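Following: one structure in structure tokens, then a few remarks.
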Amino acid sequence: MISGISITLIVGGSIAAYKSAELVRELVKQGARVRVVMSDSATKFISPLTLQTLSDSRVANELFDAEREAKISHISLADTADVVLVAPASADLIAKAAHGIADDLPTTVLLATSAPVIFAPAMNVNMWTHPATVENVATLKSRGVHIVEPGEGELACGWLGAGRFAETEEILDSIELLTSKKDLTGSRVVVTAGPTREMIDPIRFVSNRSTGKMGMALARAARWRGADVKLVCGPTQIAPPFGVDVFPVVSAREMHDTVMEIVRSPVCPQQSTATDDARSKQFVFMAAAVTDHQPENQSDIKLKHEKDKGYALSMVPCPDILHELGQRRTEIESESSCPLKLVGFAAETGGQEEELLSWARGKLERKNADMIVGNFADDAFGKDSNRVWLLDKVGRQEEVATADKQLVADKIIKAALRV
Ligand code: CTP
């Protein structure tokens, strides 16, 4: 998690330097300690005072600034960072870093640090695709530097093409990816998210209010921890996280078929740095609000209404995916060649905590799951935060107080790693 980590942000000389203000703001908002280093040319694009105010820390620019060196030396900017982030990274800064040149403060910090380094380049498309830059970027990558690839589109210089500074969200994602514990490397994590939809006719359907935020947060957290993530997602407005395989579905039947196909395929462990406990397992997080019933008949054409007349809709059960996974556990484990861990959700309305826990415990047993995440629909549906109770099959029970869904997702994954 970004919260609590120290980031030395090096701002290079690019027109995109003004976007570093938003980046600093977001990093600080998420709880990072940010110290900003600016190249001389960066100070021509954005005032150090802006970044100083947003980071609440003096911006460093001069290599031989006696006053600043006395308080915090250039070596400490390199040493105390958990991550050194170069954003935006200009072609010039990339070239110097690739060749070990240290003739100003940003390049000296880059040469002195042993922390993970991320470059988020921003430049004109011809500069980005120039063989010199391509070679320099390859050199940095070969030394383990993480590059947040620039996007394509209209560039500040008027050209169209690759070179656009990555979105803040993508840069934050790369920090999470680089700093998270990799205890899911070699494991596959299947997450279902969002609602499912059961069509009545070509334009009407039965569904629910789920937005998919909790499932997306779980998929993101699992990827940060190194898992191979498959996100099976019902209709939702939320953009999926970076770096996960997305399988869009509509109905419960489609979700069922997609999940079954994924979980039965062999899990191929990559070079694993995971602990023995976490190596090569398959986790399924059933965060989707799967419809329990579907119309018995689906009309091929839009149903016509008759004035002042209602109609009855006959509903039949949808497949219960979690239940089937629990029933077929042994068969799935043998086909996928690794242990299966099933985590279900119980979103309830009405009742008090005791009833919620008792319903959740019932689902844990009935569905042969390893863990159930109990929550109240009012705390969860459509919200950015959630409050949950985690109950596992060996009797552990833990309450996670109301927190951002990303933090809750992290706690859920940690608990799932214990079952
Ligand atoms: N689930 C599923 N397939 C369904 C319905 C639910 O896989 N057709 C999963 C959900 O994704 C969730 C868990 O089962 O992880 C519990 O879902 P929930 O709707 O709370 O429970 P139900 O079994 O449907 O029971 P009820 O609606 O009576 O509370």
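The values are calculated or read from the model by the stated rules, or taken from the named source; none is laboratory data. Remember, predicted model here, so these are calculated numbers, not experimental data. Quick reminder, even Gly has a Cβ in these numbers, built from the backbone with ideal geometry, and neighbours come from all protein chains shown. Just the protein is used for accessible areas: all its heavy atoms, side chains included, with ligands, DNA and RNA removed. Shrake-Rupley method; radii C 1.70, N 1.55, O 1.52, S 1.80 Å.
Descriptive notes on the structure:
- Residue match in the stretch 221-229 (condition: surrounded by fewer than 23 Cβ atoms within 10 Å (Cβ to Cβ) and not in a helix (DSSP H, G or I)): yes
- Within the stretch 146-161, considering residues that are aliphatic (A, V, I, L, M) and under 24 Å from the mean Cα position of the chain (by Cα), the one surrounded by the most Cβ atoms within 10 Å (Cβ to Cβ): VAL148
- Residues satisfying the stated conditions in the stretch 99-114, i.e. more than 21 Å from ALA132 (Cβ to Cβ) and surrounded by 21 or more Cβ atoms within 10 Å (Cβ to Cβ): LEU105, VAL109
- The stretch 10-19, subset within 18 Å of THR53 (Cβ to Cβ) and open to solvent by less than 20 Å² (accessible area, probe 1.4 Å), residue modelled with the highest pLDDT: VAL11
- Checking each residue in the stretch 44-98 for being part of a helix (DSSP H, G or I), touching a helix residue (DSSP H, G or I) at 6+ places or on another chain (Cβ under 7 Å), at pLDDT below 90 and open to solvent by 60 Å² or more (accessible area, probe 1.4 Å) picks out only ILE75.
- Pick from the stretch 179-219, criterion in a loop (DSSP other than H, G, I, E, B) and among the charged types (D, E, K, R), ranking: surrounded by the fewest Cβ atoms within 10 Å (Cβ to Cβ): ARG209
- Count of residues meeting criterion [in contact (Cβ under 8 Å) with a residue 40 or more places away in the chain and either part of a loop (DSSP other than H, G, I, E, B) or open to solvent by 60 Å² or more (accessible area, probe 1.4 Å) (or both)] in the stretch 20-30: 2
- Checklist (1) assigned to a loop (DSSP other than H, G, I, E, B); (2) touching a Gly at 6+ places or on another chain (Cβ under 7 Å) applied to GLY158, failing item: (2)
- Qualifying residue in the stretch 338-353 (condition: at pLDDT 95 or above, away from the ligand (no atom under 11 Å from the Cβ) and acidic (Asp, Glu)): no
- Residue check, ILE7 surrounded by 18 or more Cβ atoms within 10 Å (Cβ to Cβ) and under 28 Å from the mean Cα position of the chain (by Cα): yes
- Matching option when the condition is free of Cβ contacts under 8 Å to residues at least 40 places away in the same chain and at negative phi, among ALA239, ALA252, ALA222: ALA239
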